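Right, one structure below, let's go through it.
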Amino acid sequence: MLESIIKRVLVSEEEIKSIVCRLGQEITRDYADKNLVIVSVLKGSVMFTVDLAKQINTVCEMEFVRTYSYGNGTESTGKVQMLVDFDRPDFAECDFLVIEDIVDSGNTLKYLVEHLLAKGAKSVKTCTLLDKPSRRKVDFNPDYVGTVIPDEFVFGYGLDLFEKYRDIPYVAVVSPEYLESRNL
Ligand code: PRP
C-alpha cells in the first residue's frame, strides 16, 4: 500500500541522521553561551525536534506551539492562526530557536518569529529540515537548513499525507497516481 503512494525516497534515514548530526553540532556551537529555548512547531516538526534535541549538546528548554494556515488545501491561506501557544515570565532572557519540518510559503515561520519578538524575546532564530525556496510567498530565510528540496509534494518523518504517514522514518515524494486519485 505505502509502496504505491511513494514515487521515490527524497531524503533517506541515513541522510536525515547525517543532517541532524551536522545541525546539532552547529547549534551546539552557536548556543554554547546562550539561554536556548527550542520551540517545536506541531505537528510536523515532532520527529525532527526529538532527534535534533538529542544532538544538541548544550543546556536547553523545550516549548511547543501549533499553527494552522492551510485549511483543506495544499496552498497556504497566508493567514496563520495560533492553535496552541505557550507563555513564560522570562521572554527577555530567552534565545528561541524555532524548529520546523518544512518551509514552504514562509508564512508560518515569519509569523512565529514576529510573534516571539513581539512578546519580548531576547533573540529568535529558525531551523528547518526541509526548505522549498521556490514556493516562497514572503521574504523569509531560515537560519539553519537541513536540505533544500524541489517543488514536489513530500511526506514522512513528521510530514503528513492527509494526516497519515507522519511516522515513516524518511521523506518521500508522493506518486502522481496517488495525487490524481485525490484530485491534487
Ligand atoms: C506545515 C509545516 C509548517 C508549515 C510550512 O504545517 O509543518 O508548519 O506547513 O508551510 P508555510 O511555510 O507555507 O507556512 P501544517 O500547517 O500543514 O500543519 P502540521 O505541521 O500539523 O501538518
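If you go through segment 6-19, how many residues are assigned to a helix (DSSP H, G or I) and surrounded by 19 or more Cβ atoms within 10 Å (Cβ to Cβ)?
From segment 6-19, those assigned to a helix (DSSP H, G or I) are 13-19; that's our starting set.
Adding the requirement that they be surrounded by 19 or more Cβ atoms within 10 Å (Cβ to Cβ) leaves 16, 19.
The qualifying residues number 2.
Test each condition in (1) surrounded by 20 or more Cβ atoms within 10 Å (Cβ to Cβ); (2) in a loop (DSSP other than H, G, I, E, B) for residue 34 and report the one that comes out false.
(1)
Mind checking whether some residue in segment 25-38 is modelled with pLDDT of 95 or more and closer than 15 Å to residue 170 by Cβ?
no
Among the residues of segment 38-66, write down those that are more than 16 Å from the ligand (Cβ to nearest atom) and touching a helix residue (DSSP H, G or I) at 6+ places or on another chain (Cβ under 9 Å).
Step one: list which residues in segment 38-66 are more than 16 Å from the ligand (Cβ to nearest atom), which gives 53-62.
Residues satisfying the conditions are 53, 54, 55, 56, 57, 58, 60, 62.
Given (1) surrounded by 15 or more Cβ atoms within 10 Å (Cβ to Cβ); (2) within 11 Å of the ligand (Cβ to nearest atom), identify the lone condition not met by residue 97.
Residue 97 satisfies all of (1) surrounded by 15 or more Cβ atoms within 10 Å (Cβ to Cβ); (2) within 11 Å of the ligand (Cβ to nearest atom) except (2).
Just one of the numbered conditions (1) touching a residue at least 24 places away in the same chain (Cβ under 8 Å); (2) touching a Phe, Trp or Tyr at 6+ places or on another chain (Cβ under 6 Å); (3) within 15 Å of the ligand (Cβ to nearest atom) is not true of residue 69; which one?
(2)
Filter segment 155-184 down to the residues that are of a type outside the set (Lys, Arg), open to solvent by 10 Å² or more (accessible area, probe 1.4 Å) and farther than 30 Å from residue 95 by Cα and list them by number.
If the condition is that a residue be of a type outside the set (Lys, Arg), open to solvent by 10 Å² or more (accessible area, probe 1.4 Å) and farther than 30 Å from residue 95 by Cα, then 162, 163, 165, 168, 176, 177, 178, 179, 180, 181, 183, 184 are the ones that fit.
The values are calculated or read from the model by the stated rules, or taken from the named source; none is laboratory data. Note that the structure is a prediction, hence the values are computed from the model and not measured. Every residue, glycine among them, receives a Cβ derived from its backbone with ideal geometry; neighbour counts consider all protein chains shown. The protein model used for the area step is the full one, side chains on, heavy atoms only, and it has no ligands, DNA or RNA in it. Shrake-Rupley method; radii C 1.70, N 1.55, O 1.52, S 1.80 Å.
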